[in-house]
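Chemist: A single structure is presented below for examination.
Every number here is computed from the coordinates shown, using simple stated rules; none is lab data. Worth saying up front: this structure is predicted, and the values here are computed from it rather than measured. Quick reminder, even Gly has a Cβ in these numbers, built from the backbone with ideal geometry, and neighbours come from all protein chains shown.
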Amino acid sequence: MHDGPVLAPNSPPAAPQGLLATWRERIRARWKLAQMAQENPHLLKDIGLTKQQVETEFAKRFWQR
């Protein structure tokens with residue numbers, strides 16, 4: 001299964017602004033998730049995540065999905 005969009009072989013790369021916005025959003029979302037896990041760990045169960053899943057997600061670099 002492919003997670004991203006299917007591009008033609010000669011298609012141009014994503015616009016830099018869009019890529020930077022995606023990276024910023026990943027940083028922000030991962031930071032908020034880690035903060036929530038620390039401040040309100042009982043909420044993890046509500047959203048269907050374990051502490052280990054949150055730690056794994058937070059450990060990813062901003063360019064990783």
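Chemist: Report every pair of residues separated by at least 6 positions or lying on different chains whose Cβ atoms are under 7 Å apart, first residue within the stretch 34-53 and without any contact (Cβ under 8 Å) to a residue 40 or more places away in the chain, second among the β-branched types (Val, Ile, Thr) and assigned to a helix (DSSP H, G or I).
Modeler: Correct list of pairs: 34/54; 37/54; 44/54.
Chemist: Give the stretch 17-65 a look and list any residue that's among the hydroxyl-bearing types (Ser, Thr, Tyr) and in a helix (DSSP H, G or I), or say none.
Modeler: Step one: filter the stretch 17-65 for residues among the hydroxyl-bearing types (Ser, Thr, Tyr), giving 22, 50, 56.
Passing the criteria: 22, 56.
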